[in-house]
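Report on one structure; see the data block that follows.
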Amino acid sequence: MPLALPDTGSGESEVNLQCVSMTTESAVRSEPARPTQTDLESIRDAVRTILKAVGEDPNRDGLLDTPSRVAKMYAEMFRGLHLDPGRHLEVTFEENYDEIVLVRDIEFTSMCEHHLLPFRGVAHVAYIPDGRVTGLSKLARVVEEVSRRPQVQERLTQTVADLIEDRLGSSAVGVIVKAEHSCMSIRGIRKPGSMTVTSTMRGSFRTDPVSRAQLMSLINH
Ligand SMILES: [Zn+2]
């Protein structure tokens, strides 16, 4: 049982794309400016090219709509490129609570940037408020949007921690991510079921073994 149930909405209900200026994003992680929307036509052309390159006939009946389906899928899987996930943490509430807040088992699906294959799993996100708290569902929304980009699991973990640290000014932030990578399970080394675990500990979760042990026991409870 998660300590606090996140309102993850499983992604389907929030397909409304919201474009934000790249300056907001750059303030957090000096990233280069990107186009503000997905170029579906270019993806369709590229998919036709790939189909031809692997020896298929893109004009075969069953493949006719594939380029446009793939284009829509990529727009969905990479929609986080055009969003500022930190905006979910802009509204905070004053609260005297100064113990661990943990949202456990936030499910996500991301795309490995090395193979463009999905990796999926759960994130546990914790922080100790420094006078201000955020809505619990907001932490799940941050994970969801950060995952909707070409990613590596290490960066996903750190980006979520960075955003919470920057926007909430928390004294302690802990993010643990466990995921199965299809690039390891369906190709290459072919090890289905192997899980990759990454974690970022900030503040007292990093420096104080008691605080970290408390977090780990809440996660494993
Ligand atoms: Zn990969």
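The values are calculated or read from the model by the stated rules, or taken from the named source; none is laboratory data. Since the model is a prediction, treat every value here as computed from it, not as a measurement. Here Cβ is always computed from backbone atoms with ideal geometry, including for glycine, and neighbour counts include all displayed protein chains.
Residues in the stretch 85-134 that are basic (Lys, Arg) and either over 17 Å from the mean Cα position of the chain (by Cα) or not in a strand (DSSP E or B) (or both): 2 in all. Counting only helices (runs of 4 or more DSSP H) that fall entirely inside the stretch 150-221 and contain at least 2 residues that are over 27 Å from Gly135 (Cα atoms) and among the polar types (S, T, N, Q), the qualifying elements are 182-185.
Of the residues in the stretch 41-63, not one is charged (D, E, K, R) and assigned to a strand (DSSP E or B).
Leu17 fulfils the conditions (1) surrounded by 12 or more Cβ atoms within 10 Å (Cβ to Cβ); (2) at pLDDT 95 or above except for a single criterion, (2). Only one entry of Val143, Val160, Val175, Val122 meets the criterion of being more than 16 Å from the ligand (Cβ to nearest atom), surrounded by fewer than 18 Cβ atoms within 10 Å (Cβ to Cβ) and in contact (Cβ under 8 Å) with a residue 24 or more places away in the chain, and that entry is Val122.
Taken as a whole, the structure leaves Arg69 outside the set of residues that are surrounded by fewer than 17 Cβ atoms within 10 Å (Cβ to Cβ) and not in a helix (DSSP H, G or I).
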